[in-house]
Amino acid sequence: MAQPLDYLKETASQTAGPYVHIGLIPKQAGFDIFENNFTNIMASENTRGEKIIIEGRVIDGTGTPLRDALLEIWQANSDGRYNHELDRQKTGDIDKEFRGWGRTGTDFDTSVYRFETIKPGAVSGRNNRDMAPHVNFWIVARGINIGLNTRMYFADEIDANANDPVLNLIEQEERRKTLIASRDDTGLVPIYRFDIVLQGESETVFFDI
Amino acid sequence: MEFYQRDRTLQPAGYAPIYKTSVARSPRQSLLSLQGSLSETTGPVFGQNELGPLDHDLIRNYAMDGDPIGERIIVHGRVLDENNRPVPHTLVEFWQANAGGRYRHKKDTYLAPIDPNFGGCGRALTDENGYYFFRTIKPGPYPWRNYVNSWRPAHIHFSVFGSGFAQRLITQMYFEGDPLIKECPIVHVIPDEHAINRLIAPIDLNGSVPLDTLAYKFDIVLRGRRSTLFENRLEGN
Ligand SMILES: [Fe+2]
């Protein structure tokens, strides 16, 4: 017998359940309890960068959009810097007006989720290879046993996307498209539309990160 | 510093037919394994100034004209990582049904009554030792639609951040001795018996307040960070 390894084991995940709103976005559950609520409004007046809206649905294997999903996103600022001490990239500055994180639920009636944020810059990836601008998604819901991780890329970043080390890891080129949000410029603020398909023909690429 | 690979033998699969809702909500393609970059190793930071003084006291944070009905309990423990190091200053959020098994939620129609003095949610930041605590009442079991006669064991939902987005975790805490644990399909999507046992909080008489409140102890372990010994750096510096 060898010496035992003394690592602890990661706690097992459990579904967020149908009532996840109570804990994480109580206003959507139907009541007001906290003075300060975490929301989908990520940019203030003074946040640097291009203001954008990210909108979409989370769709199950029967083609039905989920009305009870909870999404969080995590992204760099417009300089491509994450607001975190481990981001020691030499270029770009932290933006005090931008945490880079937001949370929301899909709407009980329309099943649409929405974030108001800014477009991130490119971030340096492994081996100094630039990653195209992207937003990291985490999705939980009733029926999802362990949070799903994916990334959203921007349709107007054609060259950067073509060179992105993560998109290029996806063997089937057709599936890379599942991570690219289309841009709609018809309104005051550009809207990127990003549907997440949990299962089936156009299933979104999810990552084991 | 990236994270250790997640041990999927201790985690539920997405597709778990005993939990019927998972069937249509689970990916069929394999997850694509990604080595950590800044996008996964960093994550949001929260401050104490964002929390209210009663956010960790579910007995008081929604009380209208008295205390909620139910067994008064303290839940406390540490958030650690796989290296057995505390995860300090991280946000822990929790939510639960009331003593009768009813949630304050517009979609919950169970016939047990709403408690006018109980909201059912709270949050805390761990201290520099990874320690957290909150006060609440013990939630009741409730029925749910899976099989015709499925009941959830009493449980508290937990959400934890850690310091990188790849550590993000949602789980549920169960109570020692609850006979419904062994019957529950949601519990049994976890393929490992020890991993299930780690979700069951023991009663902790030492942590109790005599003549006032019982305590349960619940530690949470997040993924550990790998120190970089001989390898290329993650990012350009
Ligand atoms: Fe629950």
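Nothing in this text is a laboratory measurement; each read-out follows from the coordinates by a stated rule. Since this is a predicted model, take the numbers as computed values, not measurements. FYI the Cβ positions are ideal-geometry reconstructions off the backbone, even for glycines, and counts take in every protein chain you see.
Please compute the average number of Cβ atoms from other chains found within 10 Å of each residue's Cβ in peptide A:135-147.
Across A:135-147, the average partner-chain Cβ count within 10 Å equals 6.
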Among the listed pairs B:K20/B:K138; B:K20/B:K107; A:K9/B:K217, which have their C-alpha atoms separated by more than 24 angstrom in this model? B:K20/B:K138
What residue among B:A154, B:A112, B:A99 shows peak mean-square fluctuation when chain B is described by a Gaussian network model with Cα springs under 10 Å? B:A112
Calculate the dipole size of chain A relative to its Cα centre from +1 charges on Lys and Arg beta carbons and -1 charges on Asp and Glu beta carbons; express the result in debye to the nearest 20. 260
What percentages, rounded to whole numbers, describe P(r) for chain B computed over all alpha carbon pairs with 10 Å bin width beginning at zero? 7, 27, 34, 23, 7, 1, 0
For the protein assembly as shown, projected area of the alpha-carbon convex hull averaged over all directions, nm²: 22.8
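Most exposed first by the Cβ proxy, i.e. fewest other Cβ within 10 Å, how do A:E85, B:E82, B:E2 rank?
A:E85, B:E82, B:E2
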Partner lysines whose C-alpha sits under 21 Å from that of A:K51, ignoring same-chain residues fewer than 8 away, are A:K96, A:K119
Taking a cut-off of 12 Å between Cα atoms, list the aspartates and glutamates near A:K177, but don't count ones fewer than 8 places away on the same chain. A:D195, A:E203
Specify whether the C-alpha gyration tensor of region B:1-127 places it in the rounded, prolate or oblate class, a ≥ b ≥ c being the square roots of the eigenvalues: rounded for a/c under 1.5, otherwise prolate if a/b is larger than b/c and oblate if not. oblate
Taking the inverse of the average 1/r across all pairs of different Cα atoms in region A:14-197, what Kirkwood radius in Å do you get? 17.2
Could you let me know the centre-to-centre spacing of region B:80-100 and region A:75-143, using Cα atoms, in angstrom? 23
Karplus couplings for region B:119-136 from phi (6.51 cos²θ - 1.76 cosθ + 1.60, θ = phi - 60°), rounded to Hz, Gly and Pro as x? x, x, 8, x, 6, 8, 9, 5, 7, 5, 9, x, 8, 9, 7, 8, 10, 7
